[in-house]
Each structure stands twice: as structure tokens, then as C-alpha cells.
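Below: one structure, written as C-alpha cells.
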């Protein structure tokens, strides 16, 4: 692609996003692409999460945005300006690393003051900014400590304060909570989200933890195999997964093979493996006879007659396992021609089940979706 | 003390008691090494310290003279009684062949005493009895000098500061005051200074050459780093003598380096490379490089790559990020590597002996000369003690300057 073409390409696309990836590809060895054809806009002020298993390309994407990797092909626009060739120190992006990367030979306050020195802020002005940044993460009193004297959660906050102190418009986070225990992680999720909202900054957050992504994000980009599989807000992602990968990666899902028989409005009519007929939501345009996966969440499946509505799919099978989990029960049922169906049933409604019992379950057709097999 | 405190102490004691067998068995594993260290390390050092101040010669050879000298006033020549005792002692010494030993010992402090003592011993053997005073004075006026007798009396002590003072270019005047040695005699401070200077120079060069190598080793891909590591370690597996001899081959007047320089017409005549300070420092730097590189490398490898990235993301340029964030964190390795090379360099012997000139000889070379040629064990031991003390002092100084936690020797 030559220079003039690139210019005209930029001119006919209005820039409204803070970050724009345009046909970005990345390969380390020239053969395999870690990121394949990435197009993504990050809106001003939003909390965008890149979610995916390891090796899906999400971290590489973040590193390209941070300036630590250069795209093999394509462009990255920051505030309308191409930045692929800009070194990280010129991008003015806050970055929180997985292991915090605090400087062990400096105190907490010196760590936080570090980015200020490169922006010509020193003396009392810098001290005030450091105090403010530490106050924001409730660490006002620990400025004189060394990072090694802090707990994991406190180190995490220092890293956050350091990335925010110079008021960048964009903050990137690479699995920043991975090293914390579950309770602390959940608290930090809320704190980070609140900080982001109150400061109005744009955050791009990388994680492989789906519950983290669902809790914090305005939008989630699900990465797999170097591509974005789906980009949507958490609810849409959860309720209307675009494909089998998203359905199985976000939350738990039953994926049952079926064949399309016909349509009824926006519902597809399918034949299941045992010959029974189900209805399910479908956005596909494939013709009759195409193979699909019918996806339904365990919590959408209930005991027959327990009020799932009138328009329901019904299946009967034998109980394989029953687990009592306090607020609910997990029921594994062998049904629909030997496929395993998992259901989450409120514990108080469940009678005494034992493996081998015959049980009938049902789910609302609106909770079932057809995904390309 | 409350009941709770007592309970707590009881529990503490119980914990210690419970852990005791484990502690004992762990300690017993270290016993063979401790025993070996005691025999092979601690004992020789103690012996070295004793040898540096031991003073047996005069006591053993002149017992009667020393008794007779006890009531000498020290101002004029002693009376006949002392000369008679000396004659008696020298007769015995002549029979035991220990007169030469005494002469050698006294000669350290008053030159010419060796021949004087031997002449006196011969005179006493031939003589048919006293009075001896005149006969001694006839042999040499020095026998009438109070200074000679003062030195003899002083050397009657079991220990002497003489060797240690000499190793520091000091000496004790006959009147007991300590004064500086001047002229040709004052060589040891010069040698010590030269030793420290060469060791410092070698340390500096190994650091300048080794630090980048350690960094490249850290960031290079595994396969390349492996080969580089091999090249760093290979010299360590070659004998010191072989490596030094290789430098002789390279540096000598008809050696490879001179041939290349002449061949490229960079010089018109052969350069004097061997037997110079340049040769010594070059060869020592080469030999010491791995000792500087390895501790630095081990520290660098433990620094996460994200440190530099974090610095860059916060606004630091590549070199600023390196010097402000990376380099300070390598300090423990730098100090450890430099300390190791500096201390090892202080004790160099073979390399300066083979590659260096006469003005490049270090303390160790002098120690070897005093042991092998002059049989002056006292002075050799004293030089050893001075080297040991200087080394320890430098180590402690480093420890104070950078803190014990800043030195990572492993």
C-alpha cells in the first residue's frame, strides 16, 4: 500500500473513535499471524475489554497499541493520528502491567512521580499530583515505602496511580488482577471501574477471565485465533453469542447438534438428534437442511411445568449426576439421543433426584439460539 | 510476667525443642566441610599471622647474653659480663651451626651484622678466654655501639613488629620510635599501591567490557545466548597458566599482534607489548572477565522485561529508561562482580610474573620471592597479612557503601 492511497483512505473515513485499528495484522515469523485482520474502534470514555484464551492475540493487540510491538500490516490511529511508528514514550498512554512492573529501587512516591519528570513537572507541583494520585487509590500514607513492603493489592494500586498521575486520555491494562486472590480481585474490579467512570478516561483492558470482563466492561471484544469473534456489550454477548466459540467461552452453555427444518418468523424450527422438534432464535440465513448447534444456558432450563412459559422446548432423559451447590442444583441429564444436557435448578424446587431417574426438562424457545455449527 | 507470657515462652521453648533434632542433623551434614575449612583454611591463616610476628632466632641463640643485658643501662657499651655471655652463646652457636641464623636475623635490622656475627663466632672459637670486650671491639667498632646492643636486646622479645613494619615501609629506630624508611628500601607501599591500581584497572575494564555482554546474554534468543555463555565460560575451563602463556604468544615481540600491526603497516617497528603494564592488565582482564560477567548476568536475568516497558510507557526514552530503571537494579550484580574480580586480582601472581615487566610485579610476586629466594618467611607472612587486611578493609568498605543487601554473590 503506497502513501497516497493511505492518505485518501483516511480522508474518507470520519474519525470519531479515540483508537482505531485498521486492517491490522501481526506476525512474528512471517508465516503465522498472531493477529489476523483486526478492525476495531475504541470509543472515547468507554471501558473496552479484550477477552480471550491465551494465544488469541489479545495481548499482542494491546502491545501494539502501547507501542511495544509494531503491526506487520495495517494502521493504528490514536486520536486520528497514525501511531504505528511512534515509540511508547511519545504516545502518552497509561499502561498497567500484569506483574505491576513497579520500580523496586524507588519508593512508592518516586514511582508515581516518575512519569511527571518527563512532562516537566517537578517540585511542589509534582508532589501535589503524587499526593492526589495516591489519594485516589487510598494509599496516601504509604508514599515512603518501597514496593516490596506492600501487599499485592497495594502494589496494584500504586501501578494504577502511576498510570493515571499524568492524566493520559487512554489507559491500557494487561491482566492487572491476575495475581490477586478472588476477594481482592472482585473489590479491585469495582474500584477500577469506578475510577474509570469518575475520571472519564478510556480504558482498554485485557483479561482471560470472563466474569471480570462482564463485571467491568462497557463493551467486550472476544478474541480467538487472532480474530475478534464478537464485539458487544456484556448482556448481548451473554444472551446472544454470535458463534459456538463465544457461546462456550462466555459462561456455561449446552450446545446440542440439530438440523434446520424451516422457519417461523425469527425462529428456526430444528430437528434434534433424537428426532424431536425444537424451536430456537436464529439470525442465520442458511437454508433448510443446514447443520446447527442449538445453544441454551443451564440456568434457562427448568423442570417441566415450573413456569418457563408456554412456548417451550421439552426433553426427557435419565439423570446422570446431581450436585447440590447451596443456592442451586446442577443436574446432568442424558437426553436428545445420548447428549449431555446440564441444568441449573433452584435448590428449593428440586425433589430428591437420584442418578437413573427419568426427568422431563423444558426451556423457553426465546432462550435457545441457533449457532453455525 | 503474666501467665500468658509464660505460656508463650513455654510454647516457644517447645518449638525449639521439637526442631532441635532437625537442626542437629542439618549441622552434622556441614561438619566435614567445617573440619576441612578448619584444617585447610583457618589454621594456615593463623599460622601466617603468627609467622608474621614470630621472633625466635635471638632468643634461642643468645639466651645468656639476653640475661646479661637485662641490667644494661642502654647508654654506653655494656660491661665485660655481657661480652663474656655473648662469647659463651656464640661458642654454643658455632657448635650448633646457628650463628648464621642469628646473623641473618640481625642483618635485617643492621646491615653488615651477618658477617660481623660470623667473624665474632670464629674469633670466639679460636680465642683462649676473656676478657672479651676488647677482642670484640677490635673486630669492629659496632660491637661497642649501644645501638647494636639495643637492637639485640629488643630482638630478645618473642614477638617483633619488625616484619609488619617493613611490609609498610616503616622501621623501629634503635631508640624504639617508629620512622619511615627512605630511598631504595621503601618499596612495599609502592608495590601495594601498584597492586591496588592494577586490580582497580582490571576491575574497571572487566566491567566496561562485561556489562554489555551480560545485557546481551539476557536479551538474546536462547540458542544464541547459549553459545555466548559457552564462550564466556570456556576460558574458565582452561588452566590459568595456559591462558597466560597464550597471552605471551600473542604479545611477544615476534608475536601475532605485532605481526598483524606490521602487516597492516599500522606501526613501522615492533611494539613492546609483553613485559609491560599494558600486557599485564590486558591478560588479567581477559582472565577475570567471567568473574565479573556471571554475577551481573544472574542479577540482570531476574529483572522482568516489563520494567523497561513500564518506564517507556511512562515517558522515558530508551536510554533514560535504561539508566534510571534498569541500571540501578543491576547494581547488586555489578558490586558483586567487581568485588570478586578486584579481590581475585589483588592476589595475582602467575600472570604478572610471565607477562609483566619488573615494574609490574604485584605483592604476591614479592611474597614468592621472599619465600623461595630469601627464605624470609617473616616478611613473606607480613606481606600476606597486609594483603589480607587490605582485602578485608575493601570488602567492609563496599559493604558499608552499598549495603549488604546490595551485593549478590550468587
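If the condition is being surrounded by 15 or more Cβ atoms within 10 Å (Cβ to Cβ) and either without any contact (Cβ under 8 Å) to a residue 40 or more places away in the chain or not assigned by TED's automatic domain parsing to the domain that holds residue B:389 (or both), then segment B:192-224 contributes only B:204.
When B:250, B:261 are checked against the criterion of being more than 14 Å from chain A (Cβ to nearest Cβ), in contact with a helix residue (DSSP H, G or I) (Cβ under 8 Å, 6 or more places away or on another chain) and assigned to a helix (DSSP H, G or I), B:250 stands alone in meeting it. When segment B:352-372 is filtered for residues that are closer than 12 Å to residue B:198 by Cβ, modelled with pLDDT of 90 or more and in a helix (DSSP H, G or I), the ones remaining, listed by number, are B:352, B:355, B:363, B:364, B:365. Out of A:134, A:116, A:184, one residue alone is touching a helix residue (DSSP H, G or I) at 6+ places or on another chain (Cβ under 7 Å), assigned to a helix (DSSP H, G or I), assigned by TED's automatic domain parsing to the domain that holds residue A:59 and surrounded by fewer than 17 Cβ atoms within 10 Å (Cβ to Cβ). It is A:184.
Is it the case that residue B:325 is farther than 17 Å from residue A:95 by Cβ and within 14 Å of chain A (Cβ to nearest Cβ)? So residue B:325 does not fit the description; no. Considering segment A:203-262, the qualifying helices (runs of 4 or more DSSP H), each wholly inside and each with 3 or more residues that are under 22 Å from residue A:43 (Cα atoms) and in contact (Cβ under 8 Å) with a residue 60 or more places away in the chain, run over A:210-216. For segment A:61-85, the tally of residues that are over 11 Å from residue A:172 (Cβ atoms), within 14 Å of another protein chain (Cβ to nearest Cβ) and surrounded by 15 or more Cβ atoms within 10 Å (Cβ to Cβ) stands at 3. For segment A:138-149, the tally of residues that are under 20 Å from residue A:186 (Cβ atoms) and either within 14 Å of chain B (Cβ to nearest Cβ) or surrounded by 18 or more Cβ atoms within 10 Å (Cβ to Cβ) (or both) stands at 1.
Within segment A:95-104, how many residues turn out to be within 7 Å of chain B (Cβ to nearest Cβ), buried (at least 16 other Cβ atoms within 10 Å of the Cβ) and either in a helix (DSSP H, G or I) or at negative phi (or both)?
So the answer is 4.
For the residues B:303, B:296, B:343, the requirement of being crowded, with 22+ Cβ neighbours inside 10 Å and either more than 14 Å from chain A (Cβ to nearest Cβ) or not in a helix (DSSP H, G or I) (or both) singles out B:296. Can you go through A:123, A:135 and tell me which one is at positive phi and more than 14 Å from chain B (Cβ to nearest Cβ)? Within the list A:123, A:135, the selection yields A:123. If you go through segment B:306-322 and keep only what is surrounded by fewer than 17 Cβ atoms within 10 Å (Cβ to Cβ) and at the interface with chain A (Cβ under 8 Å from one of its Cβ atoms), you end up with B:317, B:318, B:320.
In segment B:166-180, the count of residues that are assigned to a helix (DSSP H, G or I), touching a residue at least 40 places away in the same chain (Cβ under 8 Å) and within 30 Å of residue B:288 (Cα to Cα) is one or more. If you go through segment B:84-97 and keep only what is free of Cβ contacts under 8 Å to residues at least 40 places away in the same chain and either surrounded by 14 or more Cβ atoms within 10 Å (Cβ to Cβ) or touching a strand residue (DSSP E or B) at 6+ places or on another chain (Cβ under 6 Å) (or both), you end up with B:85, B:88, B:89, B:90, B:91, B:92, B:93, B:94.
The values are calculated or read from the model by the stated rules, or taken from the named source; none is laboratory data. Note that the structure is a prediction, hence the values are computed from the model and not measured. No Cβ is skipped: glycine too gets one built from the backbone with ideal geometry, and neighbour counts run over all protein chains shown.
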